[in-house]
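Quick notes on the structure that follows.
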Amino acid sequence: MSTTERPRILVVGGGYVGLYAARRILKKMRYGEATVTVVDPRSYMTYQPFLPEAAAGSISPRHVVVPLRRVLPKAEVLTGRVTTIDQDRKVATVAPLVGEAYELPFDYLVIAMGAVSRTFPIPGLAEQGIGMKGIEESIGLRNHVLEQLDKADSTTDEDVRRKALTFVFVGGGFAGAETIGEVEDMARDAAKYYTSVKREDMRFILVDAADKILPEVGPKLGAYGKEHLESRGVEVYLSTSMDSCVDGHVVLKNGLEVDSSTIVWTAGVKPNPALARFGLPLGPRGHVDTSEKLQVQGTDYIWAAGDNAQVPDMVGRRAGNPNAWCPPNAQHALRQAKVLGDNVISGMRGFPQKEYSHANKGAVAGLGLHKGVAMIVMGKVKIKVKGRLAWYMHRGYHGMAMPTWNRKIRIFADWTLAMFLKREVVSLGAMETPREEFYEAAKPSPAPVAAKADGDKSKTEGEKAKAS
Ligand SMILES: Cc1cc2nc3c(=O)[nH]c(=O)nc-3n(C[C@H](O)[C@H](O)[C@H](O)COP(=O)(O)OP(=O)(O)OC[C@H]3O[C@@H](n4cnc5c(N)ncnc54)[C@H](O)[C@@H]3O)c2cc1C
C-alpha cells in the first residue's frame, strides 16, 4: 500500500463491478487526479458465466479469470479482504493475505463485493455440498466428477459404484441448469473411455423448490430447458427441496432417497454477509440500499452496484411497478459499473450524478455442447431461440462479453481447438493435495519395531540376525 497525497478512490471487490468501474474511472480520470485502490481477496476477476464450461473442460480455467494487476496497471491492487468501514474517519480496515490488518484511508468508496451462495441449515450440506461461485469450485467439480468415473470403473462394490455414478444438483437457475447441462454432457461423453461405465449407468438429478427452471429465460424456454434435460435422461424434480444429505444420503421432500457422492449446490445467492459490518443502510434482504444514481442512500461519497446492491429498476418503475429492482446478473453488473465509474468522477468534480436505467436485453444459457436456450428482447418483441442456434448465441455473447481481448482470444482459441482435439477427460484431483506424495517419500521413517524372536516370517534371515 502506498501513502498518497491525492484523494483515494477505494474499490472494495475486484469482480465484475469492481474491475469495470475501476477501468472506467482510470480511463476518465485526469493524470494524477486520484489514486484508485482495488482490494480483493483474489488477485483476479472471475467471469462466472463461464464456470459451467470450465467445469466441463470446454475452456481452460485460467482463461476464465482476468488478472487484476495486468488489466489495471494504473491502479493500486491489494490482495486482501476489507473487514470494516469507519465512515466518520473515512477509513477501511484491510486484512491482507498475510500479516496484521491495517487501516486504509479513503475519500470515495465503491462497494462491489458481490454475493455468496445462499444456503439453508440442511443436515450434511456443509460437509457434502459443492458450490459454484468460483473457479476453484469449478475445477474441483470437474476433477471430482471424473474421479467418480475412475472409482466406479475400478470397484467391485455395487453400492460404492452406484453412489459414485449418482450426481445431484440443487437449484435450477442459470448456474444450476447450465452446470448440470455441461457436466452431464462431459461425463456421459467421457464414459466411452471406461470399460465398465456406460453412459446410461449414470444418474443425474436436478432439484428445485420452484415450479420451473431457468426463470431468467421466461416460462416457455424454461419448460423447453426442462424437457430437453429430461430427454437426455436427467431427472428433474420441481416444487421440492433437499431435506438432508448426511454422508451423501440425499433425502428429498417428495420422498425420493438416493446415495450420491456428488451434491452440487446452486440454489441462488445472497448479498455478501460482510456488508453487515460496514454500517451502511441495508435493504430487507441484506443488500446495500442504493439510489437510482448508484449512490448509497444518505451518502454522497459511497457508491454500490452489482449483486451486493439493491438498485431500483427505473424501466420497470416507469412502466408502473414501484417495487421493481434490478436482478443480480452480469448484464446489469457490467452496465451499472460504467455508470458508477462516471458518477464517481462527477462526484469528485462536483458535477451532477447520472441515473442508471437499462431495459432487459434478454438472456442466453448453454446446456452442454451444441445445446442451449436464448431469449432476445427487442422493444416489445421477445424472440425465443433454442437448440444449436441458441448455443452459438450463448457462446458468441459471452465470448465477446469476456473482459479484455487477451481473454476473448484465448476463449475462442479453446473452443476452436476443442472442435478438432476433442474434450480433455483427465481428472487431476491430486492437484488439491500436491505435497502428499512428496511428504510420504520425505517424512522420517518410523523407528523399527523390534521383531519377535521366532516365527516372524516377514523378516529375512539377515534382518532377524540384526534384530537379535
Ligand atoms: C455459475 C454462475 C453462472 C452465471 N451465469 C450468468 C449468466 O449466464 N448471465 C448473467 O447475466 N449472469 C450470470 N451469473 C451472475 C453474474 O456472474 C453476477 O451477477 C456478477 O458476477 C455480479 O458481479 P459483482 O461484481 O456484483 O460480483 P462478483 O463478480 O462476484 O465480484 C465480487 C468480488 O468481491 C470480492 N470480495 C468479496 N468479499 C470481499 C471483501 N470482504 N473485501 C474485498 N473484496 C471482496 C470477491 O472476491 C469478488 O471478486 C452467473 C453466476 C454464477 C455463479
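None of the figures in this text is laboratory data; all of them are computed from the coordinates on show. Just so we're clear, the structure is a prediction, and the values are computed from it rather than from any experiment. Every residue, glycine as well, gets a Cβ built from its backbone with ideal geometry; the counts of neighbours run over all protein chains shown.
Listing for the model above:
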{"read-out": "Proxy reagent accessibility, fewest Cβ within 10 Å first, across Tyr439, Tyr44, Tyr301, Tyr31", "value": "Tyr31, Tyr439, Tyr301, Tyr44"}
{"read-out": "Those lysines that a straight Cα-Cα span of less than 17 Å connects to Lys192, excepting residues fewer than 8 apart in one chain", "value": "Lys151, Lys422"}
{"read-out": "Angle between the chain longest axis and helix 219-231 axis [Cα atoms, degrees, rounded to 10]", "value": "10 degrees"}
{"read-out": "Taking all pairs of distinct alpha-carbon atoms in region 183-252, Kirkwood radius in angstrom", "value": "13.7 Å"}
{"read-out": "Amide H within-cut-off set for Thr35, under 5 Å, with H built and near neighbours excluded", "value": "Arg8, Ile9"}
{"read-out": "Length-normalised contact order for the chain - Cα pairs under 8 Å, 6+ apart - percent", "value": "16 percent"}
{"read-out": "Among beta bridges that DSSP assigns inside region 198-345, antiparallel share in %, nearest 5", "value": "65 percent"}
{"read-out": "Once the Cα gyration tensor of region 143-229 is diagonalised, semi-axes √(5λ) in Å", "value": "28, 12, 10"}
{"read-out": "Unit charges on C-beta of K, R, D, E only; dipole of region 329-417, Debye", "value": "300 debye"}
{"read-out": "Rg(Cα)/(2.2 N^0.38 Å) for region 1-96, N = residue count", "value": "1.20"}
{"read-out": "Whole-Hz ³J(HN,Hα) from phi, Karplus 6.51 cos²θ - 1.76 cosθ + 1.60, for region 240-252, glycine and proline x", "value": "9, 9, 8, 7, 7, 8, 5, 6, x, 8, 8, 10, 9"}
{"read-out": "Dipole of the chain, positive direction: furthest Cα of Val425, Asn321, Val168, with charges on the beta-carbon", "value": "Asn321"}
{"read-out": "Note, ³J(HN,Hα) from phi for region 383-399, Karplus 6.51, -1.76, 1.60, rounded to Hz, x at Gly and Pro", "value": "9, 10, 10, 9, x, 5, 4, 4, 5, 4, 5, 4, 5, x, 5, 6, x"}
{"read-out": "Principal axis dimensions, largest first and in whole angstrom, of region 252-352 by Cα", "value": "61, 35, 23"}
{"read-out": "Overall Cα dimensions of the chain, principal axis frame, Å, largest first", "value": "93, 57, 44"}
{"read-out": "Sequence-distant residues sharing a close amide H with Val116 (under 5 Å, placed H)", "value": "Lys270, Asn272"}
{"read-out": "Of all DSSP beta bridges in the chain, antiparallel share, percent nearest 5", "value": "55 percent"}
{"read-out": "Distance histogram for region 85-220 (every C-alpha pair counted, 10 angstrom bins, percent rounded to whole numbers)", "value": "9, 29, 26, 17, 13, 6, 1"}
{"read-out": "Dipole of the chain [Lys/Arg +1, Asp/Glu -1 at C-beta], most positive-end residue of His398, Pro215, Ser196", "value": "His398"}
{"read-out": "Cα-only radius of gyration and Dmax that characterise region 112-166, units Å", "value": "14.6, 50"}
{"read-out": "In order through region 349-355: 3J(HN,Hα) via Karplus (6.51 cos²θ - 1.76 cosθ + 1.60), integer Hz, x for Gly, Pro", "value": "9, x, 9, x, 8, 8, 7"}
{"read-out": "Amide H partners (placed H, <5 Å) of Leu282, local residues excluded", "value": "Asp289"}
{"read-out": "Region 159-294 - convex hull of alpha carbons, volume per residue in Å³", "value": "156 Å³"}
{"read-out": "Euclidean distance between Cα centres, region 356-405 to region 158-189, Å", "value": "23 Å"}
{"read-out": "Estimated translational D of region 37-163 in µm²/s (Stokes, Kirkwood radius over Cα pairs; 37 °C; 0.692 mPa s)", "value": "184 µm²/s"}
{"read-out": "Total charge dipole magnitude, the chain, about the Cα centre, Cβ charges on Lys, Arg, Asp, Glu only, Debye to nearest 20", "value": "2100 debye"}
